[in-house]
Amino acid sequence: MSNSMSVWDYLVFLGMLLISAALGIYYALVDGGQSTATDFLMAGRQLSAAPVALSLTASFMSAITVLGTPAEVYRFGAIFLLFGITYVLVVVITSEIYMPVFYRLGLTSTYEYLELRFNKQVRLLGTVLFIVQTILYTGIVIYAPALALSQVTGFELWGAVVTTGVVCTFYCSLGGLRAVVWTDVIQAFIMVAGFSSIIIQTSNLQGGLKTIIRHAKEGGRLRLWDFNPSPLQRHTFWTITIGGTFTWTSIYGVNQSQVQRYLACKTRFQAKLALYLNLLGLWIILTCAVFCGLSLYSVYRNCDPWTSHKISAPDQLMPYLAVEILSDHPGLPGLFVACAYSGTLSTVSSSINALAAVTVEDLIKPHLNSPSQKTLSLFSKGTSLFYGILCIGMAALASLMGSLLQAALSIFGMIGGPLLGLFTLGILNPFANSLGSFIGLISGFSFSMWIGVGAHFYPPPPERMLPLPLSVANCTVTRSTHLDWIRFPEQLFLMPWRSNDFKRTPVMDNLYSLSYLYLSALGTLTTVFVGTIFSLLTGGKEQHVDSKYMLNVKEDMTLGNFKKI
């Protein structure tokens, strides 16, 4: 498709980038600049609930979500809306179990906890796994949406990749966490505005929301309640609420990118309030994304652009629709592009800031002899710049990886589950010791990696995926080749490699067909189980653990939610 972007569209996009860069400059200068590591990495621990809540929402919803979730709904139906239940469980678990312990200890890096509770070796392993996972994922988050948008809108691919990467690195390196949080606030509103432009314009063209919902119902897209208990079916009520809870708790509960934000709040009450306000933001974004998916189906129910070869991948559906229905309104296609790249900026900026925090706190600071705050601040800014450049380089590498992009996305889930299990052992199990937990982490990671990689080589059969039919009845040109739904970004464990030449075994048809949402749960539970067993076998019962490293409901209530650390 030829370039349909106007000058106004480019101006809207550039305006979003300039506002982000300006905030970086502002927070580099305000209040004497980011003179200490605490100021730079933790915003002086003086943030309030509202901006942190919006930042949590924006960084959680990457551009892959902006492009992928509507495509998911278009192809598999609105059962994705059940993630709204998952988000409730995740926020409650995070705010009541993990956040109180981390906040009480006044941590900067989540992985500091691992040394306090276990030892340096466990901390180092956790830090390295986080860095690897985050760099891989961030490179993909920069490249994947840029590729999808460029192929549909004509937006220059590498110009967008480098520009967004440079702007993100710029405001992260100058303004620190304050700049990251406040740019996230703006980007959250841009994301909602972009989604809204699609929903409103589609509603106008189709004759109202009632028509869109009627089309979705007729096309079988409104089937929400599937209580099939099989763990092999990709999306059911159980895989989404149980598996999804493990998956997203590994992000909200223990992942540095999210934890760092609510630990920067000025009181524990503000941190907890930020998490619950963020829940409202997650519901709004989820609802908008699902309605965009239903809008996609309403417009293309009789002529699917992917099946008819008008686009080459499902992740291009949303930009294709945006250009088609918004091109008569100068600036609105640019607003949607800004919406997608806002997701990229918010995710990448949180990743860069988190990588800087764990590198300074876990890898640099322990080797310095009583460093000054100014020295640590310089190291923080330098590592932010380093990781920004590295993530742009990773985006370039992602462009050469082909089908391995899906493998890299899978690694994000494979690592998150075992790390959640490791922190769970420390916070909830008084018998867990360093040796048992180390063995548990290795076991959980190995098991998750085995199942995840196996699922790539031997993907689940179509009856486990339950794709809904697509029509080309009103298309003049259609594709004659067989379709494989393999490039959908949110679909972590679909097939990137063909395996038709292999005879499928029971292991392939069952173990490797486990729903991708259960992979994190598998890693968590394996880590907890193996870690507990080996801890008990190696003297875990005899050790004494300071109560401040454990969940202590009575102590937390005594301290009070309003008390500052």
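The values are calculated or read from the model by the stated rules, or taken from the named source; none is laboratory data. All values reported here derive from a predicted model rather than from experimental measurement. Because the Cβ atoms are built from the backbone with ideal geometry, glycine has one as well, and the counts that use them run over all protein chains shown.
A few points about this structure:
- The residues listed here are GLU72, GLU96, GLU112; of these, the one that is acidic (Asp, Glu), touching an Asp or Glu at 6+ places or on another chain (Cβ under 7 Å) and more than 30 Å from GLY194 (Cβ to Cβ) is GLU112.
- Hits in the stretch 211-234 - residues which are among the charged types (D, E, K, R) and over 21 Å from ASP304 (Cα atoms): ASP226, ARG234
- Only residues that are buried (at least 21 other Cβ atoms within 10 Å of the Cβ) and not in a helix (DSSP H, G or I) were counted across the stretch 63-107, and they come to 2.
- Odd one out for SER446, checked against (1) out of contact with any Pro (no Cβ under 7 Å at 6 or more places or on another chain); (2) crowded, with 20+ Cβ neighbours inside 10 Å; (3) modelled with pLDDT of 90 or more: (2)
- Of the numbered criteria (1) touching a Phe, Trp or Tyr at 6+ places or on another chain (Cβ under 7 Å); (2) part of a loop (DSSP other than H, G, I, E, B), the one PHE155 fails is (1).
- When the stretch 511-558 is filtered for residues that are surrounded by fewer than 15 Cβ atoms within 10 Å (Cβ to Cβ) and at pLDDT below 85, the ones remaining, listed by number, are VAL553, LYS554, GLU555, MET557, THR558.
- Residue ID - modelled with the lowest pLDDT, chosen from residues in the stretch 23-53 that are of a type in the set (Ser, Thr, Tyr) and within 23 Å of THR108 (Cα to Cα): SER35
- Subset tally (residues that are over 30 Å from PHE237 (Cα atoms) and in contact (Cβ under 8 Å) with a residue 40 or more places away in the chain) for the stretch 83-119: 18
- Selection within the stretch 379-408 - surrounded by 22 or more Cβ atoms within 10 Å (Cβ to Cβ), modelled with pLDDT under 75 and aliphatic (A, V, I, L, M): ALA398
- Neighbours by Cβ (under 8 Å, 6+ apart or cross-chain): first from the stretch 445-458, free of Cβ contacts under 8 Å to residues at least 60 places away in the same chain and among the aromatic types (Phe, Trp, Tyr); second surrounded by fewer than 20 Cβ atoms within 10 Å (Cβ to Cβ) and in a helix (DSSP H, G or I): TYR458/MET508
- Verdict on LEU282 being under 30 Å from TYR262 (Cα atoms) and at pLDDT 85 or above: yes
- Which numbered condition SER20 fails, given (1) more than 27 Å from CYS265 (Cα to Cα); (2) at pLDDT 80 or above: (1)
- For the stretch 525-551, the set of residues classified as in contact (Cβ under 8 Å) with a residue 12 or more places away in the chain and closer than 14 Å to LEU105 by Cα consists of LYS548, TYR549, MET550, LEU551, listed by residue number.
- Residue satisfying all of: in the stretch 194-235; of a type in the set (S, T, N, Q) and under 17 Å from ALA289 (Cα atoms); surrounded by the fewest Cβ atoms within 10 Å (Cβ to Cβ) among these: SER196
- When THR163 is tested against (1) at pLDDT below 90; (2) buried (at least 24 other Cβ atoms within 10 Å of the Cβ); (3) hydroxyl-bearing (Ser, Thr, Tyr), exactly one condition is not met: (2).
- Count of residues meeting criterion [touching a helix residue (DSSP H, G or I) at 6+ places or on another chain (Cβ under 8 Å) and either at pLDDT 90 or above or of a type outside the set (Phe, Trp, Tyr) (or both)] in the stretch 205-227: 14
- Condition check for ARG117: buried (at least 24 other Cβ atoms within 10 Å of the Cβ), at pLDDT 90 or above and over 30 Å from ARG223 (Cβ atoms): yes
- Summed over the stretch 543-554, the residues that are part of a helix (DSSP H, G or I) and within 21 Å of GLU115 (Cβ to Cβ) give a count of 3.
- Test result for THR202, at pLDDT 90 or above and closer than 30 Å to LEU420 by Cα: no
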